[in-house]
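One structure is given here, and the rest of the page talks about it.
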Amino acid sequence: MIVDTLKNASTYTNLHPLFGKAFDYLNNNDINQLEDGVIAIEEGLKLIVSTKTGKSLEESLAKFECHDKNIDIQFCAKGVETIAWKPREKCVIPNGDYNNEKDVRFFNDTPDMSFQLTDNQFVIFYPNDVHAPMIGDDIIKKLVFKVKI
C-alpha cells in the first residue's frame with residue numbers, strides 16, 4: 001500500500017507502465033466536473049467515478065475486499081474518506097468465494113488499521129492489500145483507477 005498526494009505522484013510512475021497515464025488523467029482533467037460512471041482510458045486502465053455519502057465502518061467492512069488481477073489507485077477528489085486496511089497474508093476468514101468476473105475477494109477479518117484521505121490524496125492498493133473504503137459521514141467524491149496487472 002502507498003498513500004500520498006497528487007503532488008508527489010510522479011514518484012510512483014515507474015512502478016507500473018499505466019500508473020503514469022492514470023496520474024496524467026488526474027492532472028489533465030477537471031476532476032470535480034467528472035460525472036459518476038466508468039471511463040475506459042485505454043487497454044488495462046479504467047476509471048470509476050462515484051459521488052456518494054460515506055458508509056459506517058460496519059457497512060464498509062461487510063465488503064472488506066482485495067483483488068487478484070488489478071491494482072487500485074483510489075483518489076479522493078472531495079471530502080474526507082476513512083479506509084480500513086489489513087495485509088492479505090493476515091486475513092484468515094473468507095467471506096464467500098473469489099468472484100472472477102468482478103475480480104473481488106471478501107474477508108470477515110478485523111482490520112489492522114484505518115487512515116484518512118482528503119482532497120488530492122490517493123492510495124495504491126496491490127492484491128495483498130485488503131481494504132474497506134468509503135467510510136465517512138458526508139459526501140465523498142472518489143475516483144478509482146483499475147490497473148490491470
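The values are calculated or read from the model by the stated rules, or taken from the named source; none is laboratory data. If you're wondering where the values come from, they're calculated on a predicted model, not measured in any experiment. FYI the Cβ positions are ideal-geometry reconstructions off the backbone, even for glycines, and counts take in every protein chain you see. When the accessible area is computed, the model is the full protein with side chains, heavy atoms only, and any ligands, DNA or RNA have been set aside. Shrake-Rupley method; radii C 1.70, N 1.55, O 1.52, S 1.80 Å.
Data for the structure
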item	result
Carbon/sulfur fraction of accessible area - the stretch 14-99, other protein chains in place, 1.4 Å, %	48
Integer Hz, Karplus 6.51/-1.76/1.60 couplings in order for the stretch 117-130, x for Gly and Pro	10, 10, 3, 6, 10, 9, 10, 10, 9, 8, x, 8, 9, 8
Residues of type aspartates and glutamates that Lys78 reaches as a straight line, Cα spacing below 16 Å, ignoring anything fewer than 8 places off in the same chain	Asp4, Asp30, Glu35, Asp36, Asp119, Asp137, Asp138
Dipole magnitude of the stretch 10-149 about its Cα centre (Cβ charges: Lys, Arg +1; Asp, Glu -1), debye to nearest 20	160
Within the accessible area of the stretch 101-149 (1.4 Å probe), percent carbon and sulfur	47
Net charge of Cβ neighbours under 15 Å - reference Glu89; Lys, Arg +1; Asp, Glu -1	0
Most positive-pole-ward Cα, Leu6, Ala132, Ala84, against dipole of the chain from beta carbon charges	Leu6
Charge dipole (the chain, unit charges on Cβ, about Cα centre) - positive-most of His16, Leu26, Asn70	His16
Tilt relative to the chain, helix 19-28 - C-alpha long axis, 0 to 90 degrees, to 10	50
In Å², nearest 10: area of Met134 left accessible to a 1.4 Å probe	20
Above-threshold pairs, the threshold being 26 Å between Cα atoms, out of Lys21/Lys142; Lys7/Lys55; Lys46/Lys141	Lys7/Lys55
Simple label model, 7 Å out from Cα along Cβ direction - Thr118 to Ile39, nm	2.5
FRET E, pair Ile2, Glu89, Förster distance 22 Å, beta-carbon r, rounded to 0.05	0.80
Three-way shape label, the stretch 18-149, alpha-carbon gyration tensor, a/c 1.5	oblate
Accessible surface, per residue, of the chain when the full set of protein chains is kept, probe 1.4 Å, Å²	52
The chain, relative contact order [Cα under 8 Å, separation at least 6], %	37
Within the stretch 80-149, GluC sites (Glu not before Pro) in DSSP loop having at most 14 other beta-carbon neighbours inside 10 Å	Glu101
